[in-house]
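Data first, discussion second: the structure below is written as structure tokens.
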Amino acid sequence: LDNLSQRVGDSAQVARPDSAKIVEQARNRADGDWRDWLECLLAALRAARNGDTAPEEGIVTPPQSQYLQRGEERSVKQRIEETVRTAAWSMASILDLENTEGCGEVMRSLGKSIDAQRMNVFALLNQLYDPDQIELVRESFASGDSDGRVYAMEQLDVLVDADLKMLLFPLLEDLQLSQRLRNLDGLCPQQRLKAVDRLCDIVNSERILADRWLRACALRALPEVSEEEVLDEQVAQLFNRDPLLRETAAAGVRRSAPGRLEHYLQYLPPQLVESLVQTRECPLFDQVLLLRQTPLLGELPETALATLVDHSRFQRFAAGDTLLKEGAELDCAHLLAEGEVARQDSGITRRTSLLDAWLWTPQARTAAAVSALAECSVFYIESAAFAAALDAWPEVAARAVDTEIAAI
């Protein structure tokens with residue numbers, strides 16, 4: 001590049017451009033595709049040949065060219081296609097597991113994945129078309145009203161390019177899943193599998209297809225669906241460093257073939273064995289389900305709830321037990337997931353339907369003791385993790401200060 005730019009500069013009687021800055025500019029302007037980067041580099045060299053310079057820096061800058069715009073557009077369209085392919089995989093998974101006992105949580109998670117993929121499509125369309133128009137279409141689609149959905153589809157028919165319509169309409173139209181897959185068959189063909197094979201496929205899937213919660217749901221369902229005592233997918237997940245997946249797999253093996261689990265544990269690292277030998281009072285999977293029932297956190301995605309569980313300690317209390325002593329130092333969020341408690345200074349009682357969280361400022365001290373009036377389940381969530389949830393989910397922050405939900 002130095003030699004070429006030297007020759008170009010000499011022949012055009014212009015200042016020699018900085019080759020390092022040309023490369024940096026090309027990289028910054030490209031969208032991640034190496035072909036786009038080469039095109040940007042060629043544009044920079046053409047600019048050097050023409051003597052084009054940036055007045056404020058005196059260096060060569062590649063002009064905003066049509067092929068660069070096409071490169072950016074192509075990248076967004078590729079991401080839309082990937083999103084639709086993922087949605088098609090989720091649809092095929094639902095159809096394969098339909099009417100299969102024990103797969104309720106898997107089906108629920110797959111349905112929520114499709115909803116998220118639809119919203120992701122609208123976010124990508126914002127980069128290609130007028131954001132205000134796309135937002136209007138998204139709101140009409142999300143309204144759930146049949147007329148609004150029809151309006152949204154009509155607007156997309158006018159706005160979207162023909163090549164994208166073939167991808168988007170089967171995903172967004174109000175059709176049966178089987179019909180949607182048929183409409184996508186030419187672009188996103190999906191293999192149909194038996195229920196047990198589909199569950200194994202979910203467990204083995206890449207993260208782009210199945211998040212940790214969906215994989216945990218599939219592991220949970222495998223013992224209910226499989227006729228074999230232990231599957232390779234379950235054994236492989238015993239070595240997974242994700243505690244949710246590892247524990248769920250172990251629970252499935254323990255339920256189907258208790259003696260086999262001891263055999264597999266001898267091959268695991270010691271730090272993983274301890275967590276599988278001692279069963280929890282409430283398994284991590286069930287803790288996520290418990291958090292999902294609370295008014296404070298119930299609308300969060302299960303993956304977010306699983307992250308909170310990763311940074312929590314769970315404890316159950318019997319009626320009459322003291323949950324918090326007067327003057328106790330508090331360095332975490334106390335979440336009452338189920339049960340009924342009373343504050344001893346005022347005699348005020350709270351049930352989970354009215355109050356699911358007692359939140360104190362970190363390092364504060366309790367003003368009064370809190371005791372259980374009935375069996376209670378409490379999560380002690382690390383302050384940093386709880387603060388991160390409040391930052392990421394504004395609706396949780398709003399409910400956290402709602403006196404109907406939380407009290408100090």
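What to note about this one:
- Within the range 198-209, residues that are closer than 19 Å to Glu224 by Cβ reach partners that are in a loop (DSSP other than H, G, I, E, B) and not aliphatic (A, V, I, L, M) with beta carbons closer than 8 Å, at six or more positions or on different chains, in the pairs Leu199/Cys103; Leu199/Ser226.
- Test result for Gln293, at pLDDT 90 or above, within 25 Å of Ala116 (Cα to Cα) and either among the polar types (S, T, N, Q) or open to solvent by 50 Å² or more (accessible area, probe 1.4 Å) (or both): yes
- Candidate set: the range 378-399, residues that are exposed (fewer than 15 other Cβ atoms within 10 Å of the Cβ), in contact (Cβ under 8 Å) with a residue 40 or more places away in the chain and not charged (D, E, K, R); chosen: the one farthest from Leu335 (Cα to Cα): Ala392
- Entry remark, the range 326-349: residues being charged (D, E, K, R), modelled with pLDDT under 85 and over 31 Å from the mean Cα position of the chain (by Cα) number 4 in total.
- Selection from the range 179-236 of residues that are open to solvent by 50 Å² or more (accessible area, probe 1.4 Å), aliphatic (A, V, I, L, M) and more than 16 Å from Thr86 (Cα to Cα): Ala236
- Asp174, sole failed condition from (1) open to solvent by 70 Å² or more (accessible area, probe 1.4 Å); (2) part of a helix (DSSP H, G or I): (2)
- Taken over the range 162-178, residues that are without any contact (Cβ under 8 Å) to a residue 24 or more places away in the chain and more than 27 Å from the chain's Cα centre (by Cα) amount to 1.
- Residues satisfying the stated conditions in the range 225-269, i.e. closer than 20 Å to Phe285 by Cα and either in contact with a strand residue (DSSP E or B) (Cβ under 7 Å, 6 or more places away or on another chain) or among the acidic types (Asp, Glu) (or both): Glu233, Asp242, Glu247
- Where Gly186 falls short, out of the listed (1) outside any helix (DSSP H, G or I); (2) touching a Ser or Thr at 6+ places or on another chain (Cβ under 9 Å); (3) more than 28 Å from Tyr380 (Cβ to Cβ): (2)
- Residue satisfying condition, being acidic (Asp, Glu), touching a residue at least 40 places away in the same chain (Cβ under 8 Å) and surrounded by fewer than 16 Cβ atoms within 10 Å (Cβ to Cβ), within set Glu139, Glu101: Glu101
- Scanning the range 286-301 for residues that are in a helix (DSSP H, G or I) and under 14 Å from Cys217 (Cα atoms) gives Asp286, Gln287, Val288, Leu289.
- Output for the range 142-156, where each listed residue is at pLDDT below 85, acidic (Asp, Glu) and either part of a helix (DSSP H, G or I) or surrounded by 13 or more Cβ atoms within 10 Å (Cβ to Cβ) (or both): Asp147
- Among residues of the range 325-336 that are more than 19 Å from Ala385 (Cβ to Cβ), those with a Cβ under 6 angstrom from a residue that is at pLDDT below 85 and loosely packed, with under 14 Cβ neighbours inside 10 Å, sequence gap 6+ or separate chain, pair up as Gly327/Arg365.
- Listed by first and then second residue, the pairs linking a residue in the range 218-244 that is outside any helix (DSSP H, G or I) to a residue that is among the charged types (D, E, K, R) and at pLDDT below 90, with Cβ atoms under 6 Å apart and 6 or more places separating them unless they lie on different chains, are Val230/Arg260.
- Residue in the range 120-141 that is assigned to a loop (DSSP other than H, G, I, E, B), at pLDDT 90 or above and under 30 Å from Val288 (Cα atoms) present: no
- Pick from the range 237-270, criterion of a type in the set (Ser, Thr, Tyr) and surrounded by 14 or more Cβ atoms within 10 Å (Cβ to Cβ), ranking: nearest to Cys200 (Cα to Cα): Thr248
- Every test in (1) over 23 Å from the mean Cα position of the chain (by Cα); (2) open to solvent by 70 Å² or more (accessible area, probe 1.4 Å) is passed by Ala318 save one, and that test is (2).
The values are calculated or read from the model by the stated rules, or taken from the named source; none is laboratory data. Note that the coordinates shown come from a computational prediction; the quantities given were computed from them, not determined experimentally. Note that we place each Cβ from the backbone using ideal geometry, even for glycine, and neighbour counts take in every protein chain shown. Surface areas here come from the heavy atoms of the whole protein model, side chains and all, with no ligands, DNA or RNA. Shrake-Rupley method; radii C 1.70, N 1.55, O 1.52, S 1.80 Å.
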